Amino acid sequence: MLMVMTQTAASTPSAGKQMLSEQVYTRLRDAIMRGDHAPGEALKPQELAREQGVSLAVVREALVRVVGDGLADRLHNRGFAVPAFSDRRWQEIAEARRTVEPVVLRMSVERGDLDWEARVRAAHHRLARTPAYVAEEGRHYSSAWSEAHRVFHRTLLEGCGNPVLLETFDRMWTASELARRWSAHRNPDRDGADEHRRLEEAALARDADTAAAVLAQHLGLTASALTDDHPEPRGDGTSHGTRA
């Protein structure tokens, strides 16, 4: 009994620290997603630790996880920052997605069964009927729409039947999440809903060539909005543009 009590006591601080780290990570990730930290802004561990009332070690652990999500950069001087709009990485992620996802979609269209067709139709219906923006969540698209968007794109690819390729999609999707949010405010006239409709139609028509081409264009438009040729995103919450 004494041994069990000792082990429990010893594990409690570690569990508490892990829970605290998770909370700090979640708050920091959400703050970056909301746009509380501007593109290129330094994320100073000392300031974040003071603001959140936690240790520097806990904040650094959370920052490392955020870097792993593709939502922050680790600088050469050991500091951290929100990625800049023109960061080369966004273009590299976009290039990777344009290279991989149309190929996987082609496989999905060719291999998907009737159950896959039904899931694609249901996922698109949910996406089309979910409000992209809600007042209480600010100028970026809603968490419900974000999840419906992810499910639609992933469902399109699930017909490929290859879990390794789907895991690759999951990693790239997370890494490009912030870029999608910024891109939407830099290209407000883009009709993302129509692009999603065309993707669904081509996939269900078993037109692999058209589906792959539409997806490649869909992904490319998001990346192009993150170059210096496009205006900075507005803060008034009125631009409801692209998503990829």
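Checking the conditions here, which among ARG181, ARG121, ARG126 is farther than 29 Å from GLY35 by Cα and basic (Lys, Arg)?
Going through ARG181, ARG121, ARG126 in turn, just one is farther than 29 Å from GLY35 by Cα and basic (Lys, Arg): ARG121.
Please determine whether any residue of the range 161-169 is at pLDDT 95 or above, of a type outside the set (Val, Ile, Thr) and part of a loop (DSSP other than H, G, I, E, B).
Among the residues of the range 161-169, at least one is at pLDDT 95 or above, of a type outside the set (Val, Ile, Thr) and part of a loop (DSSP other than H, G, I, E, B), which makes the answer yes.
Of all residues in the range 102-140, which are surrounded by fewer than 21 Cβ atoms within 10 Å (Cβ to Cβ) and assigned to a loop (DSSP other than H, G, I, E, B)?
Matches in the range 102-140: ASP113, THR130, PRO131, ALA132, TYR133, VAL134, GLY138, ARG139.
Are any of the residues in the range 48-57 under 20 Å from MET19 (Cα atoms), part of a loop (DSSP other than H, G, I, E, B), in contact (Cβ under 8 Å) with a residue 12 or more places away in the chain and under 14 Å from the mean Cα position of the chain (by Cα)?
Scanning the range 48-57, I find no residue that is under 20 Å from MET19 (Cα atoms), part of a loop (DSSP other than H, G, I, E, B), in contact (Cβ under 8 Å) with a residue 12 or more places away in the chain and under 14 Å from the mean Cα position of the chain (by Cα), so the answer is no.
The values are calculated or read from the model by the stated rules, or taken from the named source; none is laboratory data. Keep in mind the model is a prediction, meaning the values are calculated, not measured. Heads up, the Cβs are rebuilt from the backbone with ideal geometry, glycines too, and the neighbour counts pull from every protein chain shown.
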